[in-house]
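Chemist: Here you go, one structure.
Just so it is clear, none of the values below were taken in a lab; they were calculated from the coordinates. Remember, it's a predicted structure, so these values are computed and weren't measured experimentally. Cβ: placed from backbone, ideal geometry, glycine included. Neighbour counts: every protein chain shown.
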Amino acid sequence: MVKYLNILIIILSIAFNCLSQTNVNLKITGLGFSVKRSEYSMLFENNIDKAGHWIFEPGLLLSYEYYVLEYDHSVRFQQGVLLDIAAQPCGYTQIYYRMRVWKVWRNSVNFGIGPEIYYRASWNRFADYKDHGDMDIIGNAEYRLMPFSAELEYDYYLSNRSDFSISVAYNQPFTITLAVGYKFWISTKIKHKRKCSTCFYNY
């Protein structure tokens, strides 16, 4: 057992040594827009307008990101925990491939795309809800595999270790959400770095 543990530690050490920039990001989310009017608007506890398009789903998003190619390409793992439109617990787990599409001075914009698993407390507990088979059920929970989710994120450089972040994302079925948060850089080391004439600083 100790032998395998040592091997694992060595592998992880090598992996982290080989990584370039890494960061963690904590965001608060809440405001959302549903592009599709739901037939279950009578169940919505957190809708802002009567049509149920503008919604409020409070929650937290925690992500870990590492760069795989210079400072333009990265992989992000993200976990969200929220209260959904019906005031029931829900969440999603995502893997994003991200790329930087714009950077000038202290400002940068990144775009991410990747698969996601969305899950929530089963709505079958509601008398007015009819299951159409769009969610898979496990016990008192239901989930949906989304092969496509996307995020557009704006970052403002605060220091060598921190950024202010705002993101707009499609990370729930038919819903676009807004999130605001803080990004902390665990490592700022860059592999194969190149000079950036439009950056506030050269890494």
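Chemist: Could you pull out the pairs from LYS103/LYS183; LYS36/LYS103; LYS36/LYS183 whose alpha carbons sit more than 28 Å apart here?
Modeler: On the way: LYS103/LYS183 16 Å; LYS36/LYS103 34 Å; LYS36/LYS183 32 Å.
Table pairs above 28 Å Cα-Cα are LYS36/LYS103; LYS36/LYS183.
Chemist: Further question: Give a quick list of trypsin sites (Lys or Arg not before Pro) in the stretch 14-99 that DSSP marks as loop, anything other than H, G, I, E or B, with at most 15 other Cβ atoms within 10 Å.
Modeler: LYS36, ARG37, LYS50
Chemist: Round to the nearest 0.05 the FRET efficiency obtained for LEU26 and ASP128 when R0 = 30 Å and r is the Cβ-Cβ distance. Don't skip to the end; give the middle numbers.
Modeler: On the way: r = 36 Å, r/R0 = 1.20.
Approximately 0.25, to the nearest 0.05.
Chemist: Rounded to the nearest 20 Debye, what is the dipole magnitude of the stretch 56-184 about its Cα centre when Lys and Arg each give +1 and Asp and Glu each give -1 at the C-beta?
Modeler: Working: 11 positive and 15 negative charges, 70 e Å.
It comes to approximately 340 debye.
Chemist: Just going by the charge dipole of the stretch 19-187, with Lys and Arg at +1 and Asp and Glu at -1 on Cβ, which of ASN160, GLN88, THR177 is farthest out on the positive end?
Modeler: After comparing all options, I get ASN160.
Chemist: Here is a further query. Among the aspartates and glutamates, which have Cα under 17 Å from the Cα of LYS27 when same-chain residues fewer than 8 positions away are ignored?
Modeler: Those aspartates and glutamates meeting the cut-off are GLU57, GLU65, ASP84, GLU151, GLU153, ASP155, ASP163.
Chemist: Got a sec? How would MET99, MET135 order by Cβ neighbour count within 10 Å, fewest to most? Could you put the intermediate results ahead of the total?
Modeler: On the way: MET99 13, MET135 17.
Result, fewest neighbours first: MET99, MET135.
Chemist: A further question follows. So what's the gap between the Cα centers of the stretch 80-152 and the stretch 160-190, to the nearest angstrom?
Modeler: One Cα centre to the other: 15 Å.
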